[in-house]
Structures are given as C-alpha cells and as structure tokens.
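K.L.:
This structure is in structure tokens; I'll ask about it shortly.
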Amino acid sequence: MSRVASLVYGSIAYTTFLGAFLYAAGFVGNVFVPKSINSGDAGPLGQALLINTVLLGVFAIQHTGMARKAFKRWLTRFVPESIERSTYVLCASLSLIVLYWQWQPLPEVIWNIESAGARAAVQALFAGGWLFVFLSTVMIHHFDLFGMRQTWLRFRNQPYRELGFRTPGFYKYVRHPIQVGFLIAFWATPTMTVGHLLFAAATTAYIVIAVKMFEEKDLLREHGERYRTYMDQVGGFIPKGRFRGSADVEEAV
C-alpha cells in the first residue's frame, strides 16, 4: 500500500470512528440522533433481548479479539503494519454502527427522575462522562490510539515508535479513565429503561472482564514490574492514591 493510500485509509477509519463516537453519545442519551436506545416500536421481549445481546456480543468479541497480539501478528500478514490500528478502529466503528441500526428498544421505565434540577444534574454528569473519555484519549495521544499517527508517520516515511508506559493526567489517579468515563456516561440517565439497563449492565460487565482478563495481563507482560507497581499504587476504576513510580515518557511524533 502506498503512503498516500495508507493516509487516506487511516483518515477514513478515523472519520468513521469520530462519527460513531459522537453518535454513541446521542444514542445512549436519547438526544440529537434519529435512532436512539429508546426510540422505535417495541417488539416481542424475547426477540429484542436476543438481538440486543447478539449485537453487544459481536462488538465485545471484535473489540477484544482484534486487540490481542496474536491477532495483530496474523492481520499484519495481509495488511501493512501502518494500517493495522486503523483497521481495528474501522471494524470497531462499523460494529457500533450495526448496533445502532439494529438495536431493539425495550422502553419499559425502571426509574424516572421528576425533579428538573436533579434531571439537569444527571444530564451534566452524563456529558461529563463523555468529556472524561475524550480527555483521557488525548492524554495518551488520541491520534495514536485511533490509528492516525501510524498512517501519518508512514506518509512522511518515518518509522513508528511506541509511546511507552506513561501516566499523564487522569492516569496518575486511576488506571482506566477511558473506561471510567464510559461507565459514567452509560449509567447517568434521568430515565432508565429496560433497554438502557441491558446496555449499561452488559457494557459494564464487558469492561470489567476485558480489563481484568485481557488488557491488564497484556500490560503486565509488556511492562513487567513497572506496571505491577502502578497497579499497587493506583486503583483500576476508583482512585485510591496517586502514582509515585517513574514512567518513561517518549516524545510523540
């Protein structure tokens, strides 16, 4: 793949991600989008539960499976390394788009906050969760996380350098701030329906399982005792202290 084609591919993948990410906020928050988590006519309960569970499962399998080192090695037998991350991002975004499209509403209300002030506070917390996610990606190099840095370096004919183990900003106080932001955003709703509860509960379970069973084991293998010290000093999802160990900070190109 040429340098220009790599950059174009990375740009398409990033743009698709950005659209899917912004739509996710509207989808979960029931605002600004044509189809949200509660919109549409409710069908049979069993059918809706099955379809929604399958949609969530497809995303979970894709999101976790493609992030594994073994899969990355297999994938780069067929695609250049410069677009491996972009391919992951594109597939994750497309799986989310299918979820939005096919999601079956379950509109029965579990709780509904009546107070205007309390509703506004919960909605502010919801917005804060999404902002927390975005800022957390920026702190560890947003464009590297979503594949654009890799394709840009390829376009400039420069080698890719790993960013190394870093703990900037939020990462000094919690190990997984991106996931914390998502958890806040998914649960902070003034009106909780059965469908929203299914989404929030399933994604919470997925986040906890994926972090404990896959992500942190990968990080321990990659960074060894330095990451173990980080785990000892800093809470995974709830702050328990500030990281006091040293971490290499490499200059991002």
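The values are calculated or read from the model by the stated rules, or taken from the named source; none is laboratory data. Predicted model, so just to flag it, every value in this text is computed and none were measured. Note: ideal-geometry Cβ built from the backbone for every residue, glycine included; neighbour counts use all protein chains shown.
K.L.:
In this structure, does Arg149 turn out to be charged (D, E, K, R), at pLDDT 95 or above and more than 19 Å from the chain's Cα centre (by Cα)?
P.N.:
Judged against the criteria, Arg149 is not a match.
K.L.:
Then there is this: Given the criterion within 30 Å of Tyr227 (Cβ to Cβ) and not in a helix (DSSP H, G or I), identify the matching residue among Arg149, Arg154, Arg161.
P.N.:
Arg161
K.L.:
Which residue is nearest to the chain's Cα centre (by Cα), if the candidates are limited to region 70-114 and must be among the hydroxyl-bearing types (Ser, Thr, Tyr) and in a helix (DSSP H, G or I)?
P.N.:
Checked region 70-114; the qualifying residue nearest to the chain's Cα centre (by Cα) is Ser93.
K.L.:
Can I ask one more? Give region 216-247 a look and list any residue that's in a helix (DSSP H, G or I) and touching a residue at least 60 places away in the same chain (Cβ under 8 Å), or say none.
P.N.:
Passing the criteria: Asp218, Arg226, Tyr227, Tyr230.
K.L.:
Out of all the residues in region 117-138, is one or more of a type in the set (D, E, K, R) and either within 23 Å of Tyr230 (Cβ to Cβ) or surrounded by 16 or more Cβ atoms within 10 Å (Cβ to Cβ) (or both)?
P.N.:
no
K.L.:
For region 89-106, state whether one or more residues are more than 22 Å from Leu56 (Cα to Cα), surrounded by fewer than 20 Cβ atoms within 10 Å (Cβ to Cβ) and free of Cβ contacts under 8 Å to residues at least 40 places away in the same chain.
P.N.:
Checking region 89-106: not a single residue is more than 22 Å from Leu56 (Cα to Cα), surrounded by fewer than 20 Cβ atoms within 10 Å (Cβ to Cβ) and free of Cβ contacts under 8 Å to residues at least 40 places away in the same chain.
K.L.:
While we're on this one: Among the residues of region 128-146, which ones are in a helix (DSSP H, G or I) and aliphatic (A, V, I, L, M)?
P.N.:
Leu131, Val133, Leu135, Val138, Met139, Leu145
K.L.:
Would you be able to tell me the number of residues in region 72-104 that are touching a Gly at 6+ places or on another chain (Cβ under 7 Å) and either of a type in the set (Gly, Ala, Ser) or modelled with pLDDT under 95 (or both)?
P.N.:
Adding up the residues that qualify gives 1.
K.L.:
For region 28-52, how many residues are in contact (Cβ under 8 Å) with a residue 40 or more places away in the chain and either touching a strand residue (DSSP E or B) at 6+ places or on another chain (Cβ under 6 Å) or crowded, with 18+ Cβ neighbours inside 10 Å (or both)?
P.N.:
The total comes to 6.
K.L.:
Looking at Phe186, Phe182, can you tell me which residue is touching a Ser or Thr at 6+ places or on another chain (Cβ under 9 Å), in a helix (DSSP H, G or I) and closer than 30 Å to Tyr9 by Cβ?
P.N.:
From the options Phe186, Phe182, the qualifying one is Phe182.
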